[in-house]
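Enquirer: Pasting a structure below so you can have a look.
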Amino acid sequence: MKRWIRTTLELGLIGVLISCSSDEIESRSMEQIYREEGVPVRVKNITPEPFAVELMYHAVLTGIEESAAYAGVGEKVEKVNVRVGDYVNKDDILLVFPTNSPDAQFFQAKVAYDNAKLAYERIANMYQTGGIAKQQLDNARASFEVAAANWDAAQKSVMVKAPISGYVTKVNVRESDNVKKEAELFTISRMDQLKARVWISEQDISYLSPGMHAYARWQDAEIKGKVVQVDMALDQIHQAFGADLVFDNHKKIKKFGITADIFIEVYKTDSAIVADVKDLLREGDRYYVYTVENDRAARKFVSPGRQNRLRVEILEGISPGEQLIIEGQMLLVPDAKIRIIE
């Protein structure tokens, strides 16, 4: 039994030694291949290119102008002339209440208006001939203007008009619904332009200024715009600075109150040396890259600048015309022989 255990241990030890020896042989073989043929790498030619830095936020997009209409009387809805999504012009009649509604005083206002108009016209003619004093004319005009205002209010209370031109984004009532006075009936929004408000951290607020280019992306639609206002005071609730943006929509986005990705371009140059963040290696507090010099790896310390997600602008250290090693750099040491793989 003891002999069997000893034999088993010896065989296991031999297996471990063989495995370690095999790894050492394979390791030496790879090192030898690298020394003889070079470390396989991929490169790209360094050429100046456009570069921009964007800050990304999430915000609700709404119409540039929005207005709601409210019930002037408490009554049953007689007719609804629009649906959500319809485009309407200002003063189009969108909803009708019965003209015999007691709250509207529709017919009473019409009679009062007609009478005041006739009286004013009669007195105005008499004034032209010198038959009455100017005070009487002024009184008749005032009575007519009051009657006209009452008649206009009576019409608006039973024939609800569009307050602005735009798309109907919300309809809260249907025909035959009983509504209360001052109830919200519908909402209209101008959507040729959309607006959004974003909140900027203290760290980023110094980068922003009015006029900066921006764009909004929602699903497959993208619209361009700009920053129109940047607050100078910190909002205590959000603990951030508010910024307002306006976008040209041109019917690309027909939804209202959606949450979109907002990108603000805070820096742009037409010519920059740019590298991927993964191409930069670090030594202490310094960054470096590898370039190609006479089929060997040359380590170049660089000064990174602004970063846009996974790309970074290189301010110093490498120049146009050089070849930047973008794959295999983790296997390199300075002056290592390299083999460029297409």
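Enquirer: Would you call Thr291 among the hydroxyl-bearing types (Ser, Thr, Tyr) and modelled with pLDDT under 95?
Expert: no
Enquirer: Turning to a different aspect of this structure: Does the range 296-306 contain at least one residue that is surrounded by fewer than 15 Cβ atoms within 10 Å (Cβ to Cβ) and in contact (Cβ under 8 Å) with a residue 40 or more places away in the chain?
Expert: Checked the range 296-306: no residue is surrounded by fewer than 15 Cβ atoms within 10 Å (Cβ to Cβ) and in contact (Cβ under 8 Å) with a residue 40 or more places away in the chain.
Enquirer: Sort out which residues of the range 192-216 are farther than 15 Å from Gly85 by Cα, charged (D, E, K, R) and not in a loop (DSSP other than H, G, I, E, B), and write them in order of number.
Expert: Lys195, Arg197, listed by residue number.
Enquirer: What is the one condition in (1) assigned by TED's automatic domain parsing to the domain that holds Ser157; (2) under 32 Å from the mean Cα position of the chain (by Cα) that Lys79 does not satisfy?
Expert: The one condition Lys79 does not meet is (2).
Enquirer: What number of residues within the range 128-148 satisfy the criterion of being surrounded by 12 or more Cβ atoms within 10 Å (Cβ to Cβ), over 14 Å from Asn115 (Cβ atoms) and of a type in the set (A, V, I, L, M)?
Expert: 3
Enquirer: Quick check on Lys278: is it surrounded by 11 or more Cβ atoms within 10 Å (Cβ to Cβ), part of a loop (DSSP other than H, G, I, E, B), of a type in the set (D, E, K, R) and not assigned by TED's automatic domain parsing to the domain that holds Val84?
Expert: no
Enquirer: Is one or more of the residues making up the range 229-236 surrounded by 17 or more Cβ atoms within 10 Å (Cβ to Cβ) and among the small types (Gly, Ala, Ser)?
Expert: Scanning the range 229-236, I find no residue that is surrounded by 17 or more Cβ atoms within 10 Å (Cβ to Cβ) and among the small types (Gly, Ala, Ser), so the answer is no.
Enquirer: If I filter the range 149-191 down to residues being among the basic types (Lys, Arg) and part of a loop (DSSP other than H, G, I, E, B), which single residue comes out as surrounded by the most Cβ atoms within 10 Å (Cβ to Cβ)? Spell out the reasoning first.
Expert: Initial filter on the range 149-191 (among the basic types (Lys, Arg)): 156, 161, 170, 174, 180-181, 190.
Then keep just the ones that are part of a loop (DSSP other than H, G, I, E, B); that gives 174, 180-181.
Details: Arg174: 8, Lys180: 9, Lys181: 12.
Of everything passing the filter in the range 149-191, Lys181 is surrounded by the most Cβ atoms within 10 Å (Cβ to Cβ).
Enquirer: Any idea which residue in the range 46-90 is surrounded by the most Cβ atoms within 10 Å (Cβ to Cβ), counting only those that are out of contact with any Ser or Thr (no Cβ under 6 Å at 6 or more places or on another chain), assigned to a loop (DSSP other than H, G, I, E, B) and of a type in the set (A, V, I, L, M)?
Expert: So, considering only residues that are out of contact with any Ser or Thr (no Cβ under 6 Å at 6 or more places or on another chain), assigned to a loop (DSSP other than H, G, I, E, B) and of a type in the set (A, V, I, L, M), the one surrounded by the most Cβ atoms within 10 Å (Cβ to Cβ) is Ala71.
Enquirer: Looking at the range 283-290, is at least one residue surrounded by 13 or more Cβ atoms within 10 Å (Cβ to Cβ) and touching an Asp or Glu at 6+ places or on another chain (Cβ under 9 Å)?
Expert: yes
The values are calculated or read from the model by the stated rules, or taken from the named source; none is laboratory data. Just so we're clear, the structure is a prediction, and the values are computed from it rather than from any experiment. All Cβ positions, even for glycine, are placed from backbone atoms using ideal geometry, and neighbour counts span all protein chains on display.
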